[in-house]
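Undergrad: First, the structure itself, so that you have it in front of you.
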Ligand code: ADP
């Protein structure tokens, strides 16, 4: 039975007992209560009624007595009334009493007796009263004393008896009630004892059944706790079906789990022990070869230690050795149990035999039960073949650096093989570090030798250092002196800088002055050149030859003056640093073409040969430089060459040379590649002593030169300065009477050989840098007449207007003119049939740019050709003209031919 059920049963029993017990006690009390009621309700009432009867008889008797004694007849009726009333009360009480009796009981008999006596008494009393009434007083008294009184006494005796009977009854009931009480008390005590016993029994029953199972479980558990074999634990025998049985079950399951755990732990312990054994062995063996400094020693110690450790009876250690020639080999370095015959081969190549194969594959090879004649292991007692042979590679970072071969009489256990593997892993590192150490040792020896040498050298150095120290001291003294000087120099420098500022200011003023002056000179020169040319042309034929010659002289002098002005302007620009270079890709072939086309007519004029040669390898090359300045240098050199050569030839050669080929360059600005352009002639040549002088401004080789050849002496100095701006220089080689060669060297910062397609414009030769692109572009329809065309000329210089008008009118062109921009525009609106506008740029009120912009704003004149007239010929002036809307530009002084071809181009587009 379950422990819980037992408890339920026990407590239910106790509760039932308590219930029965309570019921009985209540029942007992009920009976006792009834008894008490019996006494009070029955006996006591009877006694009371009997006493009432007695007192009524007494009072009736007394009334009768008084009546008899007094014999007052007046009171007779009153007393008879009282007697009657007393009789009624007596009757009533007697009737009540009678009703309470049970038939056949002693009581009843007594009651009947009382009843009878009462009847007799009344009759006797009534007879006495009747006698009295009949005035027979004495008879009445006698009657009363003889009859009535005895009846009364008997009646009283009966009543007494009755009362006694009732008292007896009451005593009986009390005794009965007392018995019931005691019985109840005993019953309660009995029931309490029974309940207690029952409770004790249940408690003992439950307690015993629990403690018995618990004791069993505890004893089994104690056994389990004390058991030495945790893999075999005692079990709890489950016989009951209560909670203890569940505990037993649970315990048994736990015991199974514990046994399994114990088994697992045993296994783990075993593995751990094996690992520990392995680690101890590894530690022992690795400790053995600590401090070994050569590979042979290491091999011997290792093989001697490993063989007993893993139960091998035979062992050989092969070390890898790099051969001076050919592939590395495995050389025997140590053996275990070697006998006189020595074990194994001396060496193996990689892949040779099983040892070589093991090294080549970097894999363990195990041979089980090799043939009897494979190898014999012998001791003093006998000889036998091994059962297993293991060949193990030793590696470091994937490279096999040694091989170990071991033989055993028994098969190697997994833990032995594990130990072998771990040891070979560590061995790999050790072999490598020993090899490294050996190498370091060797290097150390070498370095020691070097140290000795170094020491000797350092001693020498120390000596030198001391010498240097002395020198240093001397130098310091000199530095002090030089510092003083440099301070003085600093002061001088400040003074000089101050002066320099003044000079720069002055030079600025000078340049400004020169620029303005050249502009002022060019403007009048413009009309002078135009008009003198027209005179020289003598179209009307009204001038004498002499006059024509004069005109020609005026024209050529004007041209010379223009050249001089240009040169002075150029030089002043260069000197004041205002000359700006415009670098771009320049095609060498084009440079050559330009000068060739320019100078060919002059050569044929003078009857000279003219050769232009561009080295083949650079014919298609483009270089990065300022084309205009390069052209300027070449034009200058070539015009000098033609000027100073009367017969023979002039040649131009362009080539690219290496920096080293240029000897004595004045600065090291030359780059790896240098452009060398030579202009050679067979002219008068220059004396050695004059060769340096001619590069100075206004200097000529011969003071009389200018008289014979003309010139200002500025050309070469401008060329030299431009070359210097381009980081290059000009060199001269010349012999008097034989000829001269001027070579320009310019460093090349960039070379390009793939040619962008040349536009017509680029390919066309430029004759004069002052001329416009349109002229360059076309050869000009020279023969086309401009007759009848209407041109508006806007210029503030009346001389110019006059000269141009005269010149253009000679071609039957209709000219209208204005003196400033504003006027020009007004005039244009009046003459909308104007074919072309020539617009001067520098004008008062409204300048040329403004006026051109204004004209272009009107859609009507969107395509009207406007030629701008610039005086300074600055590069940016031209760009500004085109930007403002000019179709083309021409610079002052105007060359008539140029102007005419420009007009043709724009009027016959
Ligand atoms: P210009 O030629 O205007 O006098 P340059 O500066 O060009 O001035 O030349 C200076 C001088 O150098 C010339 O006057 C001349 O005496 C001499 N010279 C220049 N080039 C040659 C040359 N190719 N042959 C002979 N002498 C020359």
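No lab work stands behind these numbers, since they all come straight from the coordinates. This is a predicted model, so every value here is computed, not measured. Glycine gets a Cβ as well: all are built from the backbone with ideal geometry, and neighbour counts include every protein chain shown.
Undergrad: Angle, helix 848-857 long axis vs. longest principal axis of the chain, Cα atoms, 0 to 90°, nearest 10?
TA: 60
Undergrad: Kirkwood Rh over Cα pairs of the chain into Stokes-Einstein at 20 °C, 1.002 mPa s: D in µm²/s?
TA: D = 45 µm²/s.
Undergrad: Considering Cα pairs under 8 angstrom that are at least six residues apart, work out the relative contact order of region 513-642 and quote it in whole percent.
TA: Once divided by the residue count of region 513-642, the mean separation gives 25 percent.
Undergrad: Here is a follow-up. Please give the length that would be gained between residue 175 and residue 205 if that part of the chain were fully extended, namely 0.36 nm times their separation in residues minus their C-alpha to C-alpha distance (nm, one decimal).
TA: Extra length available between residue 175 and residue 205 comes to 6.4 nm.
Undergrad: Another one. Provide the percentage of antiparallel DSSP beta bridges, counting only those with both residues in the chain; round to the nearest 5. Don't skip to the end; give the middle numbers.
TA: Details: 61 of 84 bridges.
Once the DSSP bridges in the chain are tallied, antiparallel ones form about 75 percent.
Undergrad: How many percent of DSSP beta bridges within region 532-691 run antiparallel, rounded to 5?
TA: Once the DSSP bridges in region 532-691 are tallied, antiparallel ones form about 70 percent.
Undergrad: In Å and from the alpha-carbon atoms only, list the Rg and Dmax of region 532-644.
TA: 18.9, 58
Undergrad: Highest mean first, how do 635-641, 856-862, 746-752 rank when packing is the count of other Cβ atoms within 10 Å averaged over residues?
TA: Highest-to-lowest ranking by the protection proxy: 635-641, 746-752, 856-862.
Undergrad: Can I ask one more? Taking only Cα atoms, what is the 0 to 90° angle, nearest 10, from helix 896-907's long axis to the longest principal axis of the chain?
TA: So the helix axis and the longest Cα principal axis differ by about 50 degrees.
Undergrad: To make sure I understand, if each residue's beta carbon is the centre and we count other beta carbons within 10 Å, what order do 238, 366 fall in, fewest to most?
TA: 366, 238
Undergrad: On to the next question. Take every Cα pair under 8 Å in region 268-345 that's 6+ residues apart, average their separations, divide by the length, and report that relative contact order as a whole percent.
TA: Relative contact order of region 268-345: 24 percent.
Undergrad: If packing is taken as the average number of other Cβ atoms within 10 Å across a peptide's residues, how do 367-374, 514-521, 650-657 rank, most packed first? Numbers along the way, then the final one.
TA: Details: 367-374: 11.1, 514-521: 16.2, 650-657: 19.2.
Those peptides, ordered most packed to least, come out 650-657, 514-521, 367-374.
Undergrad: May I pose another question? Rounding to the nearest 10 and keeping the result within 0 to 90°, find how far the Cα-based axis of helix 875-884 lies from the longest principal axis of the chain.
TA: 60
Undergrad: Per the Kirkwood definition applied to all pairs of different Cα atoms, how many angstroms is the hydrodynamic radius of region 582-627?
TA: 11.8
Undergrad: Sorted by mean Cβ packing within 10 Å, highest first, what order do the peptides 298-306, 529-537, 188-196, 407-415 take?
TA: 298-306, 529-537, 407-415, 188-196
Undergrad: Please give, to one decimal in nm, the separation of the simple spin-label points placed at residue 491 and residue 12, each 7 Å out from Cα toward the Cβ.
TA: Computed distance between label sites residue 491 and residue 12 equals 13.6 nm.
Undergrad: Taking 0.36 nm per residue of separation and subtracting the Cα-Cα distance, what length does fully extending residue 732 through residue 185 add?
TA: Values: separation 547, 0.36 × 547 = 196.92 nm, distance 16.59 nm.
Extra length available between residue 732 and residue 185 comes to 180.3 nm.
Undergrad: Expressed as a rounded percentage, what relative contact order does the chain have, with Cα pairs under 8 Å and six or more residues apart? Please list the in-between numbers first.
TA: On the way: 1174 pairs, mean separation 57.4, N = 909.
With pairs under 8 Å counted, the relative contact order is 6 percent.
Undergrad: Related question: What nm distance separates the two modelled labels at residue 399 and residue 687, each placed 7 Å from Cα along Cα→Cβ?
TA: 8.2
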